[in-house]
């Protein structure tokens, strides 16, 4: 575990409204997203005065260790809320 990852933190905050992932193995994120019917995540990979290098590591670790497990989770459904390009007037 690298510096900045605090394994003593609880993975859940609040009453099922938000959660904090402190390690890629701390929480079965795909299962939580399925159980809670979560289609969009709001990621806070840089908080407060977190050093730039650690924020970059958080982003890289999420992209490498977590995102691949979420790919295609809801691919059978149309996403009406994801931003789409504007139609070109012509």
Exercise. Determine the pairs where a residue that is at positive phi and outside any helix (DSSP H, G or I), located within segment 42-62, has a partner that is modelled with pLDDT of 90 or more and surrounded by 15 or more Cβ atoms within 10 Å (Cβ to Cβ) with Cβ atoms under 6 Å apart, the partner being 6 or more residues away or on another chain.
Key: none
Quiz item: Which one is modelled with the lowest pLDDT, of the residues in segment 16-37 that are assigned to a loop (DSSP other than H, G, I, E, B) and surrounded by 14 or more Cβ atoms within 10 Å (Cβ to Cβ)?
Solution: 26
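The values are calculated or read from the model by the stated rules, or taken from the named source; none is laboratory data. Since we're looking at a predicted model, the values are computed, not measured. FYI the Cβ positions are ideal-geometry reconstructions off the backbone, even for glycines, and counts take in every protein chain you see.
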